[in-house]
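Here is the structure we will look at, set down as structure tokens.
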């Protein structure tokens, strides 16, 4: 069909080009049509670790070349340091973290009865600081918060993610809605990439399934450790959606859903990712 | 003092080639970035790294602004005798860090 406003002579190859264009449009329709958001079967779930090159895996596997361990060392020191008006360190109440913190990160975000909502590990640390230590909360995504989170999360390394608290259900559902809802100027949902197209390429990178097994993790791109929320905001910015502030209930709900989605998978923090 | 992670084998055979891995915590601010208000962020990098085996220099690196944060340096050397390997990093703003590891050579 020729455009009346921009009449153009028919060139050889135009039909072929049109056929390609139609194919692309149909491809896009299939892409959006495929937004059935079929969940990944439990047995087919894989950590982003498995998509990485051997060099990056080696970096994560060796604690003397994993840069995340630099934060863990800082966190270990913070664990012993007295803070706030109460003059108490984490260790004064919780003792030996290798015992008391074992498995704790694997079941966060956890339901907090007093607040009637789940809190993530960073939130839990700040509750402890403000209520037990009478200290100011640590800045989310700041060096100290990442260090303490990394040290606590290390104590769950190799343990399966737990998500079996019935009280979390409404929050898991709220997180699932965020995960499957198309949003942003690109009108994409998390599920369209991470459920429907994992393993495919996006700008040369392999799309992972998006399981939060390794947070806080060291991203080579960031040249720093970062939390799951930082990663979520990365994705939201990528699809040109507005990210809620750090620590917002929306983020916690999405984290709660993602941990449920990754239930049973092994914790690997501090992970390394490209 | 900056945090450093170092991997030196605790023991080795005489004449054996050993791999040494070092990783140090440092922002490696290139000096080419600007804040949101347009001010230049001053350069703050590690400029030098030296390894000494029982006092003798065995490895040296010069570092430049294009090196990523938390520089990871790995090299090989021959295990000649038991003793101490010393690592020294130096850089902008008087940055200096030193670490030592012992090695037993049989």
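FYI, it's all coordinate maths here, none of it is from the lab. On a predicted model such as this, the values are computed, not experimentally measured, just so you know. Cβ placement follows ideal geometry from the backbone for every residue including glycine, while neighbour counts extend to all protein chains displayed.
Pull up segment A:95-106, narrow it to residues that are surrounded by 18 or more Cβ atoms within 10 Å (Cβ to Cβ) and out of contact with any strand residue (DSSP E or B) (no Cβ under 7 Å at 6 or more places or on another chain), then point me to the one that is farthest from the other protein chains (Cβ to nearest Cβ). Before you say what the answer is, go through the steps one by one.
First, pick out the residues of segment A:95-106 that are surrounded by 18 or more Cβ atoms within 10 Å (Cβ to Cβ): A:97, A:101, A:104-106.
Remaining after also requiring out of contact with any strand residue (DSSP E or B) (no Cβ under 7 Å at 6 or more places or on another chain): A:97, A:101, A:104-105.
Working: A:97: 18, A:101: 20, A:104: 24, A:105: 21 Å.
Step by step, filter segment A:95-106, then rank; the result is A:104.
When only residues in segment A:76-94 that are assigned to a loop (DSSP other than H, G, I, E, B) and closer than 27 Å to residue B:2 by Cβ count, which is nearest to the other protein chains (Cβ to nearest Cβ)? Spell out how you get there, then give the answer.
So the first thing to find is which residues in segment A:76-94 are assigned to a loop (DSSP other than H, G, I, E, B), and the list is A:81-82, A:84-87, A:89.
Pick out the ones that are also closer than 27 Å to residue B:2 by Cβ and you get A:81-82, A:84, A:89.
On the way: A:81: 15, A:82: 21, A:84: 24, A:89: 19 Å.
Among residues in segment A:76-94 that are assigned to a loop (DSSP other than H, G, I, E, B) and closer than 27 Å to residue B:2 by Cβ, the one nearest to the other protein chains (Cβ to nearest Cβ) is A:81.
If only residues of segment A:212-240 that are assigned to a loop (DSSP other than H, G, I, E, B) and buried (at least 20 other Cβ atoms within 10 Å of the Cβ) are counted, the one that is nearest to the other protein chains (Cβ to nearest Cβ) is A:216. Scanning segment A:175-186 for residues that are touching a helix residue (DSSP H, G or I) at 6+ places or on another chain (Cβ under 9 Å) and in contact (Cβ under 8 Å) with a residue 12 or more places away in the chain yields A:175, A:176, A:178, A:179, A:180, A:182, A:183, A:184, A:186. The set of residues in segment A:160-188 that are assigned to a loop (DSSP other than H, G, I, E, B) and crowded, with 16+ Cβ neighbours inside 10 Å comprises A:161, A:162, A:163, A:165, A:184.
Residues being farther than 14 Å from residue A:219 by Cα and more than 10 Å from chain B (Cβ to nearest Cβ): count how many of those fall in segment A:56-75. Outline the logic, then answer.
The first filter runs over segment A:56-75 and keeps only residues farther than 14 Å from residue A:219 by Cα, leaving A:58, A:61-64, A:72-75.
Add one more test, that the residue is more than 10 Å from chain B (Cβ to nearest Cβ), and what stays is A:58, A:61, A:75.
Looking only at that region, the number is 3.
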